[in-house]
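The values are calculated or read from the model by the stated rules, or taken from the named source; none is laboratory data. No experiment lies behind these values; they were computed from the predicted model shown. Reconstructed Cβ throughout: ideal geometry from the backbone, glycine too, with neighbour counts over all protein chains shown. Heavy atoms of the whole protein, side chains included, go into the accessibility calculation; ligands, DNA and RNA do not. Shrake-Rupley method; radii C 1.70, N 1.55, O 1.52, S 1.80 Å.
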Amino acid sequence: MRKFAVLSMAVVLFAGAMFVLSGCGSREDVVEEPIIDPTVAEETDALVGDDLVLHEQPEDVVYIEPGSSIFDDIHFDFDSYEILSLDAGTLQEISIWLTEHEDIRVMVEGHCDERGTNEYNMALGEQRALAARRYLVHLGIASSRLGTISYGEESPFDPRSTEDAWAKNRRAHFVISE
């Protein structure tokens, strides 16, 4: 009888654990937070100083529409802030143009798709903007000319909830000002 009670208790505990864990299962619209290497943030701070993230937009900012100039958006894979090799050319062209126009400052805006929490998307958008900024600094652009801001999921390029729209929304957008 005692074995039956122990076995019954084990089955009940196992079933309860499975019920609880099934509620924590992976969903397509839930994004796990990326592992952000703290040394990357320290290196970025060393490169760019205290004005790392600008929270206010300058009044003289002019938006450049994607596809209208060398300031095309660059895009990111899902749940990533790694610069894709196909966007390296865009960043190279931006750095060449900025080298020729030394009086221009650029704000790099980080954007995400709608999946994930607001807090997560704000952090991921910031990491995307910082990744583009670090790349431009690596190409020789003075860090004092590059600001960053994250809009997370708040300013989608394409408001639809499709894979194609999400891919368009995972981006860094460049805004220039004098």
Cβ pairs under 9 Å, 6+ apart, first in region 143-169 and part of a strand (DSSP E or B), second open to solvent by 70 Å² or more (accessible area, probe 1.4 Å) and among the charged types (D, E, K, R): LEU146/ARG105; GLY147/ARG105; ILE149/GLU56; GLY152/GLU119
Count of region 83-98 residues which are open to solvent by less than 80 Å² (accessible area, probe 1.4 Å), out of contact with any helix residue (DSSP H, G or I) (no Cβ under 9 Å at 6 or more places or on another chain) and among the hydroxyl-bearing types (Ser, Thr, Tyr): 1
Answer from VAL108, VAL175 - the residue that is modelled with pLDDT under 95 and assigned to a strand (DSSP E or B): VAL175
